[in-house]
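The values are calculated or read from the model by the stated rules, or taken from the named source; none is laboratory data. For clarity, every value in this text was computed on a predicted model and none was experimentally measured. All Cβ positions, even for glycine, are placed from backbone atoms using ideal geometry, and neighbour counts span all protein chains on display.
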Amino acid sequence: MIYKKDANFPYPLLTNTSSSYQGCNFVLDVSLEENSENYRFEINYEMDSKFILELLQSKHAQLVLVIQSKDNKFFNLKLGERYIEISKSRISLSKRTNIQLLIQAKEEISFVKNEDLSPFYDALKDEIVVPKHSILGFSNCVIFEGSNNKPLELFEKRVNPNIKSDIKIELGSETIVIQYKKEELQFSDFPMSNTLNNHYIYMGLQKALYRFIVTHSEDGESVDLEQLDHPEDGLDFKLYTLMKKKMVQELNVENMDEVICLISDKILDKHANAIKGLYQNEN
């Protein structure tokens, strides 16, 4: 199964949100390639716990990749194994596929030598023993929209001479639509014309994320992405996926610009560099 929120376990668990471990993370990133016969999942993960790493090295614990689509599939990974190829006859990816990495005990595990735990467990860890097959930790959940590993299409651009302003940004069911009164406003005759439009992209992301906050927050100001179920709206789901991939845990009015910087790969820096490039070419 996929663990999307911290579940109640009777022992310390290694996750990205639990306070059981001190300064330890378990971060997963997955990319997907495919041909006519196979899916290939490229797997990258970071795990900071020395105790857990030693259990994996000694084969007292096992990495398990969980792929949740139309059903749940489990695949054991060796430590250091960075990809897995799966025949399309064995697995079918739905519109929304969730992938997570688990750590499972292969035998009874004592926590007496676990020095990675928070100080709360100093007087208790001698008594902590977890049974065989127990889950010792789980990573973040990576979400794919179908088997397409290309970046999610977020924007549409249109020329509409009937709008009353030079630029009009609308939020559609699947995309952010930028309408231009005149084609010249797209800088289509210039090199790097797409990059020169990045300030409009930024404006569109601001508008979309503000609506995301209003729609999904209880107070109209902040959204806890760790507690939020997958949005049903297509555009909101794409924004949610991008934010989760960049490990954004909270979106609010104050950090919106920081979030845009993360999910857009610093588009304003690229815009500024494009302007500098035009200036240098002229001189």
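Within this structure, K106 fails the test of being more than 17 Å from I43 (Cβ to Cβ) and in contact (Cβ under 8 Å) with a residue 60 or more places away in the chain.
Quick check on my filter: what residues within region 82-117 are not basic (K, R) and not in a strand (DSSP E or B)? Across region 82-117, the qualifying residues are S89, I91, S92, L93, S94, E107, E108, F111, V112, N114, E115, D116. Among the residues of region 56-72, those that are within 15 Å of Y39 (Cβ to Cβ) and modelled with pLDDT of 90 or more comprise L65, V66, I67. Would it be correct to say that Q104 is modelled with pLDDT of 95 or more and under 24 Å from M247 (Cβ atoms)? The answer is yes for Q104.
The residues listed here are V64, V30; of these, the one that is part of a strand (DSSP E or B), over 21 Å from K246 (Cβ atoms) and in contact with a strand residue (DSSP E or B) (Cβ under 7 Å, 6 or more places away or on another chain) is V64. Take K246 and decide whether it is within 21 Å of F144 (Cα to Cα) and basic (K, R). Taking the combined requirement at face value, the residue satisfies it. Scanning region 118-150 for residues that are assigned to a strand (DSSP E or B) and at pLDDT 90 or above turns up V129, V130, I135, L136, G137, F138.
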